[in-house]
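Everything on this sheet refers to the single structure shown next.
The values are calculated or read from the model by the stated rules, or taken from the named source; none is laboratory data. Computed from a prediction, not measured in an experiment: that's the story for all the values here. Using ideal geometry, Cβ is built from the backbone for each residue, glycine included, and neighbour counts are taken over all protein chains shown. Side chains are part of the model used for accessible areas, which takes the heavy atoms of the whole protein and leaves out ligands, DNA and RNA. Shrake-Rupley method; radii C 1.70, N 1.55, O 1.52, S 1.80 Å.
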Amino acid sequence: MQSVLHAAAMIPASIPSPSWSGFDIPLPWGSLRIHAYALCILAGIVAGLWLTSVRWARRGAPEGSVWDIAIWAIPFGIIGGRLYHVFSSPDAYFGPGFNGTGDLSLIPQIQRGGLGIWGAVVLGAVGAWIGCRRAGVKLSAFMDAAAPGLLLAQAIGRWGNYFNQELFGGPTTLPWGLQIDPNSPNFPAGMPADTLFHPTFLYESLWNLAGVVILLALDRRFNFRRGRLFCLYAVYYTLGRVWIEAMRIDDAEQISLFGITTRLNVWTSIFVLIGALIAFILLGLRKPSGPDTPFLPGREPAAETADVETAGTAGKPDAEAVPAAVSAVETGAAATADKGTADAVPTGATSIRHADTLVSDSESRGNLRDNQSGPGPAPASVSAPADEDAGASKDSTGGTKPATGDPAAGVSGRQATETAPEAEGTK
């Protein structure tokens, strides 16, 4: 028990301020400063891309396309995030009230901190759209795959605020209060040096990590598509951002709406939350217009197209073989028809039309007795012998010959037109 109490006493009653914020790389003409803030942003991007690439591959997307998209989305996102921060916290850049007393040279100095997430999302989505069009995939499918990875990147990137000692909350006496170096330019004027502050960077980092788990679980359970998972990301993130942003005490643009004056980022989070929730509901009401695929119409892989064509033509004869087969059948039929005609038609009988000659229905019926296209009725004077069974009689060779009106197989109707020998003797 004493050891437990001793260990508890060793736990710091606050989060100490960082003693390290980066390192220098010596160069022939000086040194290159690598800031911890930039390393946190970079680590977040790498982790987010890793999770996105895993999810993107599981959806059957082209291999390597996530990097083709990222090469457009990341620069656009950084520029958009910086621009949003500059216009949401303009005093340092344009002076209070835009009076021109600010320092415009600070705008490109991203290493000093200051990236607005909504500017990063909006302009990053523009870059992602360009990359998706070039890769032949749907932006909505990519955004769904990237939503948990985006939260993971934000969770890691938020630690850059800790190393820069910026964007903290109001004073607190909680044991996890954050120490800020009194010599830091971000330390609030007029406060005691030992004042502790709410570590809003830690709150948001933990909130985002929990969101990664929640989004992954919801996607596994409900399989959200067509941008719905990204809408859930926006709803979840803004829900936490509203109360976390309201705790901050750093300078920010104040906006008055509906009789309430608060930070611009708070109002932005509220409106994005409402819009994302409405979009999520409307997308759920729409019926899918096609199969769930990450590819744009007409940009499916060639292998899938070949499989579809093969399956559609399976069992069908080759296109070049069909005319040849038809020609062979017609030639054989014509030869047989000519032979049958020469043998079967008596002298002076009406000539029989060729089998492939087009005739009218009336001509076919009128010429039925002459062309012998089928077995005709036996003459009334013809009768079969009483001792013959099943319409067949034996010939002198001991075989059987077909009955009257029934042509033998392979003979073209010749015997069908002649009277049986026995019948001739009874006339």
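For first residues located in region 221-243 and of a type in the set (Asp, Glu), partners that are at pLDDT below 95 and lie 6+ apart or on another chain with Cβ distances below 6 Å do not occur. Scanning region 227-266 for residues that are modelled with pLDDT under 90 and under 14 Å from ILE117 (Cα atoms) yields LEU264, ASN265.
Condition (residue is open to solvent by less than 70 Å² (accessible area, probe 1.4 Å), in contact with a strand residue (DSSP E or B) (Cβ under 6 Å, 6 or more places away or on another chain), at pLDDT 85 or above and part of a helix (DSSP H, G or I)) applied to region 32-50: is it met by at least one residue? Looking through region 32-50, at least one residue is open to solvent by less than 70 Å² (accessible area, probe 1.4 Å), in contact with a strand residue (DSSP E or B) (Cβ under 6 Å, 6 or more places away or on another chain), at pLDDT 85 or above and part of a helix (DSSP H, G or I).
Only one of PRO175, PRO192, PRO185 is under 26 Å from ILE110 (Cβ atoms) and either assigned to a loop (DSSP other than H, G, I, E, B) or at pLDDT 95 or above (or both); which? Exactly one of PRO175, PRO192, PRO185 is under 26 Å from ILE110 (Cβ atoms) and either assigned to a loop (DSSP other than H, G, I, E, B) or at pLDDT 95 or above (or both), namely PRO185. Would you confirm whether any residue within region 155-162 is of a type in the set (Ser, Thr, Tyr) and at pLDDT 90 or above? Yes - at least one qualifying residue is present in region 155-162.
Does any residue of region 23-38 turn out to be in contact with a Pro (Cβ under 9 Å, 6 or more places away or on another chain) and in contact (Cβ under 8 Å) with a residue 24 or more places away in the chain? Yes - at least one qualifying residue is present in region 23-38. The residue that is farthest from ALA47 (Cα to Cα), counting only those in region 180-216 that are of a type in the set (Gly, Ala, Ser) and open to solvent by 60 Å² or more (accessible area, probe 1.4 Å), is GLY190.
So, of the residues in region 10-31 that are open to solvent by less than 80 Å² (accessible area, probe 1.4 Å) and not in a strand (DSSP E or B), which turns out to be modelled with the highest pLDDT? Here the answer is PRO16. Can you tell me which residue in region 190-233 is farthest from GLY157 (Cα to Cα), limited to those that are of a type in the set (Phe, Trp, Tyr) and in contact with a helix residue (DSSP H, G or I) (Cβ under 8 Å, 6 or more places away or on another chain)? Out of the qualifying residues, it is PHE224.
Filter region 284-299 for residues that are at pLDDT 75 or above and assigned to a loop (DSSP other than H, G, I, E, B); which is least open to solvent (accessible area, probe 1.4 Å)? Out of the qualifying residues, it is PRO294.
Considering only region 53-61, I want to know if a residue exists there that is assigned to a helix (DSSP H, G or I), touching a residue at least 60 places away in the same chain (Cβ under 8 Å) and not hydroxyl-bearing (Ser, Thr, Tyr). Yes, there is a match, as at least one residue in region 53-61 is assigned to a helix (DSSP H, G or I), touching a residue at least 60 places away in the same chain (Cβ under 8 Å) and not hydroxyl-bearing (Ser, Thr, Tyr).
For region 217-229, the tally of residues that are on the phi > 0 side of the Ramachandran plot and surrounded by 14 or more Cβ atoms within 10 Å (Cβ to Cβ) stands at 2.
Within region 88-111, the set of residues being in contact (Cβ under 8 Å) with a residue 60 or more places away in the chain and part of a helix (DSSP H, G or I) comprises SER88, ASP91, ALA92, ILE110, GLN111. Of the candidates GLY177, GLY160, the single residue that is over 23 Å from ILE270 (Cα atoms), touching a residue at least 12 places away in the same chain (Cβ under 8 Å), surrounded by 22 or more Cβ atoms within 10 Å (Cβ to Cβ) and touching a His at 6+ places or on another chain (Cβ under 9 Å) is GLY160.
When region 98-156 is limited to residues that are touching a strand residue (DSSP E or B) at 6+ places or on another chain (Cβ under 8 Å) and open to solvent by less than 10 Å² (accessible area, probe 1.4 Å), the one that is farthest from HIS85 (Cα to Cα) turns out to be GLY136.
For region 56-79, the criterion of being under 22 Å from the mean Cα position of the chain (by Cα), open to solvent by less than 20 Å² (accessible area, probe 1.4 Å) and aromatic (Phe, Trp, Tyr) is satisfied by at least one residue. Note on region 224-240: residues that are farther than 16 Å from ASN265 by Cβ and either part of a helix (DSSP H, G or I) or of a type in the set (S, T, N, Q) (or both) total 8.
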